[in-house]
Every structure is written in C-alpha cells, then in structure tokens.
Amino acid sequence: MKKIYAVQSIGVNYGTIADDLPPATEVIALYKISGIGKMRIFDPNQATLQALKGSNISVIVGVVNNDLQGLATSPGAANGRVQTNISPYLPDVNISYIAVGNEIKPSSFSDNASAYINAIASFLVSTKAPLLANVYPYFAYLSDPTDVKLDYALLNSSGVVVQDGNLGYQNFFDAMMDSLYSALEKIGAGNLTVIVTETGWPSDSGVAATVDNAGTYYKNLISHVNNGTPKRPEPLETYLFAPFNEDQKDQIKTLRKQIKELKKRLFESKENSIR
C-alpha cells in the first residue's frame, strides 16, 4: 500500500469478512505506515477499536443493516448500543461518525423513495450531520459499457466528455456526485455535506476488472478528490474500498443486486424525464 498522506480527504475501508486477515494491530500499523489517517469499519469490531486506541486515526463506525429496525424502534436499545460499543473507547479512539446502514446509493430520488429521503435529509441538515454515500462508477460502466466509456469511468479522460450547462465533466465520479448534489438541492438540502464512504474498482472476476484498471482508478481518484467536483469544487472526504480481499463475502450476489438496483434507478430516471 503506497503512502497517500498528502491527500487529507482520503480514507480506506477496513472490512473483516475473511478468514485470512492479519491481526487488527498489524492493520492499524499498516495504515499508520502508509499515512492513512481515516478508516471506516462496518461494525463496532472490538478488536479493531481496541487496536485504534491512541492511533489518532479518525474512524467511521458502522451499524449493520440487520440491527437498524431494532435500534430505530427502541431508544433504549440505541442508547445501550452506544454505551457498549462507542463510549468505552472515547476519547482514546477518534470516532468521527456512526454510519447507520450501508449500500444506500441514490443518484436521483424516485417518487417511492422521496418521502424517506426527505425525512432523512431534513434530519441530517438539522443536526449538521453528513450524508454518507457509496459511489461506484464501475457499476454504472458495467450496466452500459457501450455508452459509458472506460476512460470516463476510470477518471482517465483527457478532456471534457459531458457538458451540462456551464459545467463540464471529465469523469463519471464527478457526474454521479453532482447528480446527488442536484437531487439534494431539489429537496431543500443543498447545503448538506456528503461523504463518499465507499468507492473502488475490482481487480479481477468481472468485466474490465483488472489490476491495471483498478490501479488507474485509485491513482486518479486519490489525486482528484481534493479538488472536488464541478458543482462543489472543494475537498471531498472519500473512503477507498478496500485493502484486503474479503473472501467470505458473497460478492457475486452483492454485485448482481447492485446492478439490478442501478438499472431500476436508471429506468425510473428516464421514465420521469419523459413525463
């Protein structure tokens, strides 16, 4: 893992669904040696939080999706979870946010989702908390490789590919982010901070999934996010996925689900534009 300390906006996800990972203490040492000052974990893993003590690494701690309903319907359960999984590690661990759920990736808000999104966005604005989003140009490319050029998805285009009014786009990452910003503006949440908690490119087992393409995507993204997007030209906090291969994760099932959801959103978007 190369040093990326010059890019203050970059963090790296640390997933643990695997059977061949190094101990958490070694992982934390790797982050520090590599100059990575931000981490996201998907659940309050006790070994990881213990290893983070005194490291000064900023960490986003996730709440797994299966726990959301119980926590949402019981303030006592939510408070108990914080007292058990968060409070004991403060202030020795620099916990920046608690991420509620995972793999919620809206690029536009359909009529069916708008009521929920409006309530969530309003709550985040009132509490001055950020919206956490996963942004994958790879899946957009995979769903339409004829119209979406590979260089555009890899942040590797030499010039503007898409012109939208006075905004020019050289890569799909910026276009996806600004689509999200525009959707937030439409529901009165234009000042909401967005953090990209997950983005990446696979290095095998898929279309255009090669080591070279993955390396190109990460290299270009790391050098790009400090500049922000055409709509918001400011540093964008972004977390890369991921330093280890989680060999116990059902990646094919997840991939198919994400492609299906993406195609559904694209269809809804086109249908709404026709109306």
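Observations on the structure shown:
- Among helices (runs of 4 or more DSSP H) entirely within the stretch 104-166, having at least 1 residues that are within 19 Å of Asn65 (Cα to Cα), modelled with pLDDT under 90 and open to solvent by 30 Å² or more (accessible area, probe 1.4 Å) singles out 111-127.
- Test: residue in the stretch 192-205 that is among the β-branched types (Val, Ile, Thr), open to solvent by 10 Å² or more (accessible area, probe 1.4 Å), at pLDDT 95 or above and farther than 28 Å from Gly101 by Cβ: no
- Extreme residue, nearest to Gln163 (Cα to Cα), among residues of the stretch 200-248 that are of a type in the set (S, T, N, Q) and outside any loop (DSSP other than H, G, I, E, B): Asn227
- All conditions but one from (1) farther than 24 Å from Leu30 by Cα; (2) open to solvent by less than 50 Å² (accessible area, probe 1.4 Å); (3) of a type in the set (Ser, Thr, Tyr) apply to Tyr89; the one that does not is (1).
- Screening Ser223 against (1) more than 18 Å from Leu154 (Cβ to Cβ); (2) open to solvent by 60 Å² or more (accessible area, probe 1.4 Å); (3) modelled with pLDDT under 95 leaves a single unmet condition, (1).
- Counting only residues that are part of a strand (DSSP E or B) and open to solvent by less than 20 Å² (accessible area, probe 1.4 Å), the stretch 34-56 holds 3 of them.
- Residues satisfying the stated conditions in the stretch 116-133, i.e. in contact with a Gly (Cβ under 9 Å, 6 or more places away or on another chain), over 23 Å from Tyr239 (Cα atoms) and small (Gly, Ala, Ser): Ser122
- Boolean, Ala72 is aliphatic (A, V, I, L, M), open to solvent by 70 Å² or more (accessible area, probe 1.4 Å), modelled with pLDDT under 95 and over 30 Å from Leu221 (Cα atoms): yes
- One residue alone among Ile95, Ile28, Ile17 is outside any helix (DSSP H, G or I) and crowded, with 16+ Cβ neighbours inside 10 Å, and that residue is Ile95.
The values are calculated or read from the model by the stated rules, or taken from the named source; none is laboratory data. Bear in mind the structure is a predicted one, so any value in this text is a computation, not a measurement. Neighbour counts are summed over all protein chains in view; Cβ atoms, including those assigned to glycine, are modelled from backbone coordinates with ideal geometry. Surface accessibility is based on the protein's heavy atoms, side chains included, excluding ligands, DNA and RNA. Shrake-Rupley method; radii C 1.70, N 1.55, O 1.52, S 1.80 Å.
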